[in-house]
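What follows draws every value from the coordinates through simple rules; no lab data is involved. Keep in mind the model is a prediction, meaning the values are calculated, not measured. Virtual Cβ from ideal backbone geometry, glycine too; neighbours counted across all protein chains shown.
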Amino acid sequence: VAFNFVYCPSYHGATLLSCLLNNHSQVTALGDTVPAQKFITGGTLCGCGAPIRDCEFWRALLSRVNSAGSSRDGYPLPAYPVIVNPERVNRSLALGIGVASLNVSPQLWKAFRNRAEAYCHIYSAFYRTACELQGTSCFIDGQKNLVKTLVFAGVIGQEQVKVLHLYRDPRAAFYSHVRRKRAAGAKEFARSWRRSHSRAERLGAYLGRNNYSVLKYESFCKDPLAALDQVQALFGLRREELLKPGNAFRRKHIIGNEMIADFDGVIRQDEKWRTGLSKEDQRIIIQETQPLSARLGYL
Ligand SMILES: [Zn+2]
């Protein structure tokens, strides 16, 4: 069994890709969300149109993987391996070990083997159950959590972990961020972009070329068929026609992002940042994302 992940920061086209991957008859890709308890009880809607708490798919999935109905930090599944209580301390610790495991080796997680294995076990059950309920065979995890991928690589084995790493021009990503009125300024955003991508590249160096593949959002928009071939090859999928209008969000119960719930099958690259973003912000972002953004051809 392979464990499949899509990794990128926010506003890199992961939702669109997840929508297209769900057009594959064998794929379940629930986007980047394991719903928080407050969304479950609060009446947030599933892609199928029902509130999550009434949706048959999510009810069955959550009751099977978390029969006790427990929660950690407001979530039905733990975000990180549980090494200590409380979660605030645990998260800092897990992130610290995560960074250390990038510098040393994902194998570092074997020092916390019991806790790390328990964590992998929970997510394995989540993936397996979601696929069973949807009659599919391949789960693709789009949660933006590099620690999770490192834990799987270290404990389950890096030959069983596959990662698709998405890049996008940091100016375009920042413009999406600004339009959604997020708080971080250009400099902070740019540094976070560079840090996230550098870390994913380091993980990729451990995984090797058969298990790690990179894709630029811009290339995806320019030639989506070639990009989707690349992605299907990475995840060992039989080639299917994925670039078509679809209601995958309804059929596969994806939460959030109503925006593309009715994807019409046409990919449009959004270039509004070129005029919408100030020259000064563009300059700051390019400066703070060097040398990576130059290497990727974003100059
Ligand atoms: Zn649903």
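Per residue, the convex hull around the alpha carbon atoms of region 164-299 comes to 135 Å³.
The label-point distance for ARG191 and ARG113, in a model that sets each label 7 Å from Cα toward Cβ, rounds to 3.9 nm.
Given the Cα-Cα distance of ARG64 and ARG182 and 0.36 nm per residue of separation, how much length would full extension add, in nm?
Details: separation 118, 0.36 × 118 = 42.48 nm, distance 3.55 nm.
Here the answer is 38.9 nm.
Net charge in the neighbourhood of VAL155 (other residues with Cβ under 14 Å of its Cβ; Lys, Arg +1, Asp, Glu -1) is +2.
Between ALA100 and ASP264, the C-beta separation translates, for a Förster distance of 30 Å, into a calculated FRET efficiency of about 0.10. Expressed as a fraction of 2.2 N^0.38 Å, the C-alpha radius of gyration for the chain is 0.99. Relative to the 2.2 N^0.38 Å rule of thumb, region 84-128 has a C-alpha radius of gyration ratio of 1.23.
If I stretch the segment between ASP54 and ALA294 completely, what's the gain in nm (0.36 nm per residue apart, minus their alpha carbon distance), one decimal?
On the way: separation 240, 0.36 × 240 = 86.40 nm, distance 4.82 nm.
Net length gain for the segment: 81.6 nm.
Orientation-averaged projection of region 88-188 equals 8.9 nm² [convex hull of Cα atoms, one quarter of hull surface area]. A Förster radius of 45 Å, combined with the Cβ-Cβ distance separating ARG239 from ASN85, puts the computed FRET efficiency at roughly 0.45. Residues of region 158-177 falling in the label zone of CYS131, defined by backbone nitrogen less than 11 Å from a point 7 Å along Cα to beta-carbon, are absent.
With θ taken as phi - 60° and the Karplus curve 6.51 cos²θ - 1.76 cosθ + 1.60 applied, the whole-hertz 3J(HN,Hα) list for region 211-219 is 10, 9, 9, 10, 9, 8, 4, 5, 5 Hz, x standing for glycine and proline.
Here the relative contact order of the chain, from alpha carbon pairs under 8 Å that lie six or more residues apart, stands at 29 percent. Note on ARG202 and LEU225: their simple-model spin labels are 4.0 nm apart, each label 7 Å out from Cα toward Cβ. Once both labels are positioned 7 Å from their Cα atoms along Cα-to-Cβ, the gap between ARG250 and THR33 label points is 1.7 nm.
Short-range pairs are left out: with C-alpha atoms under 8 Å and at least six residues apart, the relative contact order of region 100-211 is 31 percent.
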